[in-house]
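Take a look at the structure set out below.
The values are calculated or read from the model by the stated rules, or taken from the named source; none is laboratory data. Please read all numbers here as calculations on a predicted model, not as lab measurements. Positions of Cβ are generated from backbone atoms using ideal geometry, with glycine treated the same way; all protein chains shown enter the neighbour counts. The accessibility values were calculated without ligands, DNA or RNA, using every heavy atom of the protein model including side chains. Shrake-Rupley method; radii C 1.70, N 1.55, O 1.52, S 1.80 Å.
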Amino acid sequence: MSIFDSRPKFAVHVAQTDETFPCAGNESLLTGMVRLGRKGIPVGCVNGGCGVCKVRILAGDIKALGPISRAHVTLDEECQGYTLACRVAPQTPVQLEVAGKLNKPFSKGRAESATASPIPQQQ
């Protein structure tokens, strides 16, 4: 890919973060997000094996880039719009929501709880 990516792109909107990013029609929703250094969809193995990037498509059309493991998305869930962001590409503008909990791995919190009772050192 050249420095100037001229592939046609579609807007992908993540409901929880209210963030929108462009994604080419031949790359996965997850790859498009990661390529831009954005956050919003949790990233795991990026090959459909872990299920971390499970999302629900609220609006728009997608195409499959490969099979989706039934261990992570059941047929019933797929009928409700669930899929793995690493296994689908946008064909129109897409609006999605992250299916799992969208948590930061670290949170600002009470650091003093970690230092309140230090472990005594053995002499």
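Against the condition assigned to a strand (DSSP E or B) and among the aromatic types (Phe, Trp, Tyr), how does Phe4 come out, does it pass? Criteria not met by Phe4.
Working carefully through the options Val52, Val12, find the one that is open to solvent by less than 70 Å² (accessible area, probe 1.4 Å), under 18 Å from Ala99 (Cα atoms) and in contact with a Phe, Trp or Tyr (Cβ under 7 Å, 6 or more places away or on another chain).
Residue meeting the stated conditions: Val12.
Give the residues of the stretch 15-38 that are in a loop (DSSP other than H, G, I, E, B), open to solvent by 60 Å² or more (accessible area, probe 1.4 Å) and touching an Asp or Glu at 6+ places or on another chain (Cβ under 8 Å), sorted by residue number. Passing the criteria: Gln16, Arg38.
How many residues does the stretch 55-73 contain that are open to solvent by 60 Å² or more (accessible area, probe 1.4 Å) and either more than 13 Å from Glu97 (Cα to Cα) or touching a His at 6+ places or on another chain (Cβ under 7 Å) (or both)? First the steps, then the outcome.
Applying the first criterion (open to solvent by 60 Å² or more (accessible area, probe 1.4 Å)) to the stretch 55-73 yields 56, 58, 61-65, 67, 70-71.
Filter again for either more than 13 Å from Glu97 (Cα to Cα) or touching a His at 6+ places or on another chain (Cβ under 7 Å) (or both), leaving 61-65, 67, 70-71.
Of the residues in that region, 8 qualify.
Conditions tested, residue by residue: (1) at pLDDT below 95; (2) within 14 Å of Gly25 (Cα to Cα).
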| residue | (1), (2) |
| --- | --- |
| Lys39 | yes, no |
| Gly44 | yes, no |
| Gly49 | yes, no |
| Cys53 | yes, no |
| Ile57 | no, no |
| Lys63 | no, yes |
| Arg70 | yes, no |
| Tyr82 | no, no |
| Gly100 | yes, no |
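On the phi < 0 side of the Ramachandran plot and touching a Pro at 6+ places or on another chain (Cβ under 7 Å): is that true of Lys39 in this structure?
Numbers: on the phi < 0 side of the Ramachandran plot: yes; touching a Pro at 6+ places or on another chain (Cβ under 7 Å): no.
Judged against the criteria, Lys39 is not a match.
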